[in-house]
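Student: Right, I'll just put the structure down here and ask away after.
The values are calculated or read from the model by the stated rules, or taken from the named source; none is laboratory data. The shown structure was predicted, so the numbers you read here are calculated from the model rather than taken from an experiment. So basically every Cβ, Gly included, is an ideal-geometry build from the backbone, and we count neighbours across all protein chains shown.
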Amino acid sequence: MGLNRRSFLLGSGLTAAGLVGSWLGEADRAEAAPLKVNTAIQADETPRSCQPQDPLAALLEGNERFAAAWQSNNTATTMAARAEAMSSLWTKGCYLPGDTLTTGQAPWASILSCADSRVSPEWIFDAAPADLFVIRSAGNTAFDNAIASLEFGVATLHTPLIMVMGHSDCGAVKAARDSAPLTPLLEQLVKPIRASLSPENTLATAIKRNAGFAAKQLTQRSRVLADAEVDGRLTIVVSYFDIRSGKVSLV
Ligand SMILES: [Zn+2]
């Protein structure tokens, strides 16, 4: 599906047995396991080596892996079985070594998502370190700092995709729909969410509308993001994450 994942590089022939051999007697040497040392650095490898050809497809493929593991976790009856279900994650990604990533970053998608503890983008998209540029706040709102961060992602890091992701059971949207008193700062937080709401909307619809409203704000309030979208350097999409199924659907 257009991922063009870099195949992992195998070692240069060094073995752990060879490295530790000088420390051991002959008898110990015979027992030493022939462990391979993975010298995974290649001369032409850069932080951009893991960029997929189709970032949106890569996100959705990663989410398919997460949802499959999550649904196995949901039906497992013991803690050990749940851990086993989730252990299938982080095995298919494109991983770069720290020596390469100290030279820079080239995330291939930016995610504006909620701070909710159940909505971690790196998990939801089965992503590797350095894949995603993530901005989170309760209600996935396009606050000034969020937009500025996304501008940095697009203008400096050349991130080609922004996904604004709402999620089921969003407490920030529920608070915005409610009339219960909030602290002054929480009132500020829900104010832009309230601007996206209609009284007749269900919670799920309100969450999707709020994510769509935030996505529109990005280009309405940022010339950098608007120009990048017009030039074809940036795609902005809206999605909805369902906590029970683990699935992300485009809105
Ligand atoms: Zn939320």
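Student: Starting from residues that are within 16 Å of the ligand (Cβ to nearest atom) and over 14 Å from the mean Cα position of the chain (by Cα), keep the ones in the stretch 141-166 and report whichever is nearest to residue 49 (Cα to Cα).
Tutor: It comes out as 146.
Student: Could you run through the stretch 178-200 and say how many residues are within 16 Å of the ligand (Cβ to nearest atom), farther than 19 Å from residue 145 by Cβ and surrounded by fewer than 17 Cβ atoms within 10 Å (Cβ to Cβ)?
Tutor: Of the residues in the stretch 178-200, 3 are within 16 Å of the ligand (Cβ to nearest atom), farther than 19 Å from residue 145 by Cβ and surrounded by fewer than 17 Cβ atoms within 10 Å (Cβ to Cβ).
Student: Filter the stretch 45-85 for residues that are outside any helix (DSSP H, G or I) and over 20 Å from residue 245 (Cα atoms); which is modelled with the lowest pLDDT?
Tutor: Across the stretch 45-85, the extreme among qualifying residues is 45.
Student: Looking at (1) surrounded by 15 or more Cβ atoms within 10 Å (Cβ to Cβ); (2) more than 12 Å from the ligand (Cβ to nearest atom); (3) farther than 15 Å from residue 250 by Cβ; (4) free of Cβ contacts under 8 Å to residues at least 40 places away in the same chain, which is the only condition residue 204 fails?
Tutor: Of everything listed in (1) surrounded by 15 or more Cβ atoms within 10 Å (Cβ to Cβ); (2) more than 12 Å from the ligand (Cβ to nearest atom); (3) farther than 15 Å from residue 250 by Cβ; (4) free of Cβ contacts under 8 Å to residues at least 40 places away in the same chain, residue 204 misses just condition (3).
Student: Checking the conditions here, which among 131, 144, 169, 99 is surrounded by fewer than 22 Cβ atoms within 10 Å (Cβ to Cβ), closer than 28 Å to residue 246 by Cβ and out of contact with any Ser or Thr (no Cβ under 9 Å at 6 or more places or on another chain)?
Tutor: 169
Student: Does any residue of the stretch 115-123 turn out to be in contact with a Phe, Trp or Tyr (Cβ under 8 Å, 6 or more places away or on another chain), within 20 Å of residue 97 (Cα to Cα), more than 10 Å from the ligand (Cβ to nearest atom) and of a type outside the set (Gly, Ala, Ser)?
Tutor: Yes, the conditions are met somewhere in the stretch 115-123.
Student: A further question on this structure: Search the stretch 166-180 for residues that are on the phi > 0 side of the Ramachandran plot and pair each with any residue that is part of a loop (DSSP other than H, G, I, E, B) and more than 9 Å from the ligand (Cβ to nearest atom) when their beta-carbon atoms are under 7 Å apart and the residues are at least 6 apart or on different chains.
Tutor: Pairs that qualify, where the first residue is on the phi > 0 side of the Ramachandran plot and the partner is part of a loop (DSSP other than H, G, I, E, B) and more than 9 Å from the ligand (Cβ to nearest atom), are 169/243.
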